[in-house]
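For reference, the structure discussed in these notes is given below.
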Amino acid sequence: MAEPGNTVTWADRMELLRDSAQQRVLNAPMPTAAMEQLLADGTAHALGRFEGSPVHYLDRWWRASEPGWVALDEAASAQLALHAERYRAAIAATSAEGAPGPRLEADTEMPPAQPEAGAA
């Protein structure tokens, strides 16, 4: 419900406050310990299990930097989201049950020849 003489509702104000607070968070580096806690809580999600893996939090991708974790801008975040989807699809395709895994050199070696049973 809007206040008399005002067309802005309380819900609109709360949305503006939420957006304003989110913008402050997105524009400041996040301490490493804070991001580690978000990852541990399951609130943030790393793209992969590798050093320097980008992290998704608050509808943005973040990258590690010297002052802490920094949110990518919307365009870079959208581009990374596309690549992340491709990365996940590739991981799923190579780790699906029954899918061949990576071949190692040991897999390509022929086993030693053994005489057939009953051969003289």
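The values are calculated or read from the model by the stated rules, or taken from the named source; none is laboratory data. Bear in mind the structure is a predicted one, so any value in this text is a computation, not a measurement. Methodologically, a virtual Cβ is constructed for each residue, glycine included, from the backbone with ideal geometry; neighbour enumeration extends over all protein chains shown. Heavy atoms of the whole protein, side chains included, go into the accessibility calculation; ligands, DNA and RNA do not. Shrake-Rupley method; radii C 1.70, N 1.55, O 1.52, S 1.80 Å.
Observations on the model:
- Subset of the stretch 53-78 (residues that are under 19 Å from ARG18 (Cα atoms) and in a helix (DSSP H, G or I)): GLU74
- Residues of the stretch 77-93 classified as under 25 Å from ARG24 (Cα atoms) and open to solvent by 40 Å² or more (accessible area, probe 1.4 Å), total: 3
- Long-range neighbours under 7 Å by Cβ, at least six apart or interchain, first residue under 19 Å from GLU66 (Cα atoms) and small (Gly, Ala, Ser) within the stretch 18-47, second open to solvent by 50 Å² or more (accessible area, probe 1.4 Å) and part of a helix (DSSP H, G or I): ALA46/LEU39
- Scanning the stretch 34-52 for residues being in a helix (DSSP H, G or I), farther than 16 Å from SER77 by Cβ and open to solvent by less than 70 Å² (accessible area, probe 1.4 Å) gives a total of 3.
- Hits in the stretch 53-76 (condition: buried (at least 19 other Cβ atoms within 10 Å of the Cβ) and either more than 20 Å from GLN37 (Cβ to Cβ) or among the basic types (Lys, Arg) (or both)): ARG60
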